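The values are calculated or read from the model by the stated rules, or taken from the named source; none is laboratory data. Since we're looking at a predicted model, the values are computed, not measured. Please note: Cβ atoms are built from the backbone with ideal geometry, for glycine as well, and neighbour counts cover all protein chains shown.
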């Protein structure tokens, strides 16, 4: 028995028509993804393909957002262009959450730092090192990406950290980096770098308030652990 392609379905079952007539909230996750990819394969429709992809990630959009282009391309009917479209759409959703923080937050605790910055480092397969610069009231002035590395190492130039601090007239700063491995324990390199930044910042009268290591589900605070 030949399958029906989407254009042969009744109008009420076509994702695009369904969105137009019933609104975006009426569509399932699979139907929304089907709109993004446009078509499936010779064996299954776009909706059926998207249902299968979602089933493989336990119907979790969070788990889907962690897939890379090569992972999505293992599905027949998903090429690079379609995989990139899916990843781009999920990234826009993540950025929308981030944009909701319009008021400059006060970052005076490790928990607040984690809640504020978690979305930026979530789902990354590589390590990134950021610095959050604060004013005298511990409100965010600016955030800067200092270095990007592999799974367990990020090159960081202390001079770059201090240059940005002076440029934005920061009173203090918070160091932040992620561990894609999921480990919360600081490495010896993490401890050494923290000490170097603290010593250099003290010389120009800028305080390092904390250094946080992020995973997707938790964090480690140097200050909370008595290391600052």
- prompt: Among the residues of segment 108-122 satisfying the criterion of being part of a helix (DSSP H, G or I), farther than 12 Å from residue 132 by Cα and touching a residue at least 60 places away in the same chain (Cβ under 8 Å), which is nearest to the chain's Cα centre (by Cα)?
  reply: 121
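Quick one: in segment 194-217, of everything that is without any contact (Cβ under 8 Å) to a residue 60 or more places away in the chain and in a loop (DSSP other than H, G, I, E, B), which residue is nearest to residue 140 (Cα to Cα)? First the steps, then the outcome.
Pass one, segment 194-217, residues without any contact (Cβ under 8 Å) to a residue 60 or more places away in the chain: 194-208, 211, 213, 215, 217.
Restricting the remaining residues to those that are in a loop (DSSP other than H, G, I, E, B) gives 204-206, 215, 217.
Values: 204: 19, 205: 18, 206: 15, 215: 22, 217: 23 Å.
Checking each candidate, the answer is 206.
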statement: Of the residues in segment 157-194, those that are surrounded by 19 or more Cβ atoms within 10 Å (Cβ to Cβ) and farther than 19 Å from residue 219 by Cα number 5
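Give the residues of segment 69-103 that are assigned to a loop (DSSP other than H, G, I, E, B), closer than 26 Å to residue 143 by Cβ and either in contact with a helix residue (DSSP H, G or I) (Cβ under 8 Å, 6 or more places away or on another chain) or modelled with pLDDT of 95 or more (or both), sorted by residue number. Working first, answer last.
Quick first cut of segment 69-103, residues assigned to a loop (DSSP other than H, G, I, E, B) only: 73-79, 100-103.
After this cut, where a residue has to be closer than 26 Å to residue 143 by Cβ as well, the list is 100-103.
Once the filter is applied, which keeps residues that are assigned to a loop (DSSP other than H, G, I, E, B), closer than 26 Å to residue 143 by Cβ and either in contact with a helix residue (DSSP H, G or I) (Cβ under 8 Å, 6 or more places away or on another chain) or modelled with pLDDT of 95 or more (or both), segment 69-103 yields only 101.
Counting only residues that are within 26 Å of the chain's Cα centre (by Cα) and not in a loop (DSSP other than H, G, I, E, B), how many does segment 164-193 have?
To start, the set of residues in segment 164-193 that are within 26 Å of the chain's Cα centre (by Cα) comprises 164-165, 168, 170, 172-191, 193.
Filter once more, keeping what is not in a loop (DSSP other than H, G, I, E, B): 164-165, 172-178, 188-191, 193.
Selection size over segment 164-193: 14.
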